[in-house]
Ligand code: BG6
Ligand code: MG
């Protein structure tokens, strides 16, 4: 593991701070069924961390459909309308355990905090969860042109925070995000099942174990 001074912590949103994958799944499945094929939860795993349009391409590959650019745009828009309906009812109860407390702990130690998400719905989600103020900087899918595994979202977050890439640590649940962090020259903590996210420097199952180490602000 590379020794580094963590001056900034950069958090992915979906799957790290909140489990939105279940809502993406409902919306993609609804689209697949409308198009005449099924879409399983295992298929949905392939979409984690992946941009909306790339997710649609994967879905269409699974269904064996060849679709024009214009139809793809319309399908992605329809899926997003359903997804937005689902997430509009979210409440702070859906925050993943310990995430906000751990962010507050880091901030109390002077570490800068950014959100770096592929989602174009990040501001709605932050609003519903009432956690916008937890971040010094928010970079989402509306602000970058290249999706993870391209490092753009992370390098932009570091630049906005004014912290060198090498002093940033990324928290990620998706392979594409881990790759993006590594390509940005940042440290990476995987959040997920041990055995997955093999390229991350360490993998944690969630934030609660970190809090039980007495790392809560006093
Ligand atoms: C990522 C999710 O954070 O955002 C992906 O892990 C999703 O599953 C991507 O496709 C884009 O999200 P949105 O909200 O812009 O469709
Ligand atoms: Mg994620």
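What the table shows:
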{"quantity": "Yes/no for residue 100 being without any contact (Cβ under 8 Å) to a residue 24 or more places away in the chain and in contact with a helix residue (DSSP H, G or I) (Cβ under 9 Å, 6 or more places away or on another chain)", "calculated": "no"}
{"quantity": "Test: residue 76 is farther than 23 Å from residue 180 by Cβ and within 11 Å of ligand 1 (Cβ to nearest atom)", "calculated": "no"}
{"quantity": "Looking only at the range 42-54, and only at residues there that are assigned to a helix (DSSP H, G or I), surrounded by fewer than 19 Cβ atoms within 10 Å (Cβ to Cβ) and within 16 Å of ligand 2 (Cβ to nearest atom), the one that is modelled with the highest pLDDT", "calculated": "54"}
{"quantity": "Positions within the range 90-109 being in a loop (DSSP other than H, G, I, E, B) and surrounded by 12 or more Cβ atoms within 10 Å (Cβ to Cβ), in sequence order", "calculated": "90, 96, 98"}
{"quantity": "Scan of the range 71-89 for residues that are in a helix (DSSP H, G or I) and in contact (Cβ under 8 Å) with a residue 12 or more places away in the chain, ordered by number", "calculated": "72, 75, 76, 78, 79, 80, 82, 83, 84, 86, 87"}
{"quantity": "Count - residues of the range 5-36 that are in a loop (DSSP other than H, G, I, E, B), surrounded by 14 or more Cβ atoms within 10 Å (Cβ to Cβ) and more than 13 Å from ligand 1 (Cβ to nearest atom)", "calculated": "2"}
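The values are calculated or read from the model by the stated rules, or taken from the named source; none is laboratory data. Owing to the predicted nature of the structure, the values given are computational and were not obtained by experimental measurement. Every residue, glycine as well, gets a Cβ built from its backbone with ideal geometry; the counts of neighbours run over all protein chains shown.
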